[in-house]
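Working notes, beginning with the structure itself.
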Amino acid sequence: MDAWTCLKNCVLYSPETGLMADWSGMDLSEEYLRSMEGKIGAALDAMEALEGGAIANPDENRMVGHYWLRAPELAPTEELRREIADCLAKVKAFAADVHAGRIRSERGETFQNVLVAGIGGSSLGPVFVSKALGTPEDKMKLYFLDNTDPAGMDAVFEAVRGELSRTLVIVISKSGGTIETRNCMEEARAVYEAEGLSFARHAVCVTGAGSKLDRTADEAGFLAHFPMWDFVGGRTSVMSAVGLLPLALQGLDIDGFLRGAAACDALGRTREVRRNPALVMALCWHRCSGGEGGTTNVVLPYKDSLELLAKYLQQLTMESLGKELDLDGKKVCQGLAVMGNKGTSDQHSYVQQLVGGPSNIFVTFIQVLRDRAGRSITVGEESTSGDYLNAFMLGTKKALESHGKHTMIFTVPEVSAYHVGQLIALFERAVGIYARFVNINAYHQPAVEFGKRAAGGLIETKNAAARALLAAGRPMTAEELAREIGADPADVLRLMLHLTANDPRFAAELRPELPESTFFAV
């Protein structure tokens, strides 16, 4: 089949939404599509049941309802429909009151900045959308505390130091027990108190009803509480109060954001393969991966404002699809890795390997048709900078395909709230469909909990080693300390190296034979 005929058979355009998909570089043959008919039908049935309120997360016996956030009328009960609508109304009212100065800081000042404390799904979505849609005319400026790195927090605090009294804090944790978010909140509290400010008079929370954070905020007298629900996972929470509250405070068009997602969801419900962009995307993933782990989706948005898209999609895709066991308890080690940055920067970095390297990758291009708000100048060869950006994208696509790599392009008219919402919904649904293709639970993350539990145990080991060293009154090696407290000497060595670099009560004498180095209380 020649390239033009292939394109005509492998392109989708939705005039209602402006979304275009081109999978002509994916080799979705008629034979392959016929072989997938059973899986396609089962996946679409599962998605329909999910949206109808079925228990789609069997491990936690929960519904999965992030689709209802942009279409509350689809929620399975009147109570849920009302809760979602009420939350959206509360977000809008709170943002309007802050902007109008009806809600003010402790010192009676109008809030100018928002400090968002959250990690993972409580941060990645809001950060991506904020960066994608932000302009110098935004009503408020957003800052993010999204890690428990002290130096990283200090950099954020320094950025708002002179405006701390005019900075509103949003603390986001679904369970209320997320350690990193707790740490960010406590660090922020200390900074506010050092400035003679009441942290609670500058804070709101987004959390589950009755959670530890909910109780803490209630006791301290936070300005407001916003809900997180069991049926919304962190990585799909950007259209709940997790994302809508900071984005509304920034002054972004959250109604357009939700409309774009809802419109893309509607396309994703059709059973006609060539009219369903999310189904096409999931089929492309399956075609390239063979339904097994070990493949990488390289996401290349050719637009600076979408630079963080790949980072956002890493959690959405890899936390959803990276599973050791399938729904039947069989060990499968599934996954689909995501990497990417932006074009054309990547043509000067890792595209060399994408073209000439291993074949375990495929590339998803995101094309934005509109270059800028105004007219562009001609920079050379009767062309604008935007013409070159587009040509570089198409040239990279051709280079990849000429070396046997698979590609697809998803095109939107412009970077707007509507179309960013559309892109998020597109990938969310593709993840859900692909998970059904390979028979895994996309909506839990057991491996994440393993690391959290291990970290808790290591904090206990660090504390025990510190107490033992203080009590010993003499230098001790990591091995001696480990024997004293019954711990792994490798753990003790690493923990003590960090402790002696940061706690003035302790010091170390480091030797070339590192395990034989000694640690002592000062």
Within the set of pairs 6 or more residues apart or between chains, which connect a residue that is among the hydroxyl-bearing types (Ser, Thr, Tyr) inside segment 298-319 to a residue that is crowded, with 23+ Cβ neighbours inside 10 Å and in a helix (DSSP H, G or I) with Cβ atoms less than 7 Å apart? 305/132; 312/124; 312/125; 312/128; 317/431
Considering only segment 54-90, state which residues are out of contact with any helix residue (DSSP H, G or I) (no Cβ under 6 Å at 6 or more places or on another chain), over 17 Å from residue 241 (Cα atoms) and either β-branched (Val, Ile, Thr) or not in a helix (DSSP H, G or I) (or both). 54, 55, 57, 58, 59, 60, 61, 62, 63, 76, 77
Cβ-Cβ distance below 7 Å, separation of 6 or more or different chains: which pairs start in segment 368-397 with a residue that is under 14 Å from residue 303 (Cβ atoms) and of a type in the set (Val, Ile, Thr) and end on one that is in a loop (DSSP other than H, G, I, E, B) and open to solvent by 30 Å² or more (accessible area, probe 1.4 Å)? 368/303; 368/414; 368/415
Those residues of segment 260-301 that are open to solvent by 10 Å² or more (accessible area, probe 1.4 Å) and on the phi < 0 side of the Ramachandran plot come to a total of 19
For the condition among the acidic types (Asp, Glu), over 25 Å from the mean Cα position of the chain (by Cα) and not in a helix (DSSP H, G or I), what is the one hit in 163, 106? 106
All positions within segment 29-45 that are open to solvent by 20 Å² or more (accessible area, probe 1.4 Å) and either assigned to a strand (DSSP E or B) or hydrophobic (A, V, I, L, M, F, W, C) (or both): 33, 42
Go through (1) among the polar types (S, T, N, Q); (2) surrounded by fewer than 21 Cβ atoms within 10 Å (Cβ to Cβ); (3) touching a Gly at 6+ places or on another chain (Cβ under 9 Å); (4) closer than 23 Å to residue 308 by Cβ for residue 396 and report which single condition fails. (2)
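Among the listed residues 482, 468, 508, 487, identify the single one that is open to solvent by less than 60 Å² (accessible area, probe 1.4 Å), of a type in the set (A, V, I, L, M) and in a loop (DSSP other than H, G, I, E, B). Spell out the reasoning first.
Details: 482 fails: in a loop (DSSP other than H, G, I, E, B); 468 fails: in a loop (DSSP other than H, G, I, E, B); 508 fails: in a loop (DSSP other than H, G, I, E, B).
On inspection, the qualifying residue turns out to be 487.
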Listed residues 444, 406; which is at pLDDT below 95 and open to solvent by 10 Å² or more (accessible area, probe 1.4 Å)? 444
Scanning segment 457-481 for residues that are under 41 Å from the mean Cα position of the chain (by Cα) and free of Cβ contacts under 8 Å to residues at least 12 places away in the same chain, the one farthest from residue 58 (Cα to Cα) turns out to be 467
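The values are calculated or read from the model by the stated rules, or taken from the named source; none is laboratory data. Worth saying up front: this structure is predicted, and the values here are computed from it rather than measured. Here the Cβ is made from the backbone with ideal geometry for all residues, glycine too, and neighbour counts use every protein chain on show. Side chains are part of the model used for accessible areas, which takes the heavy atoms of the whole protein and leaves out ligands, DNA and RNA. Shrake-Rupley method; radii C 1.70, N 1.55, O 1.52, S 1.80 Å.
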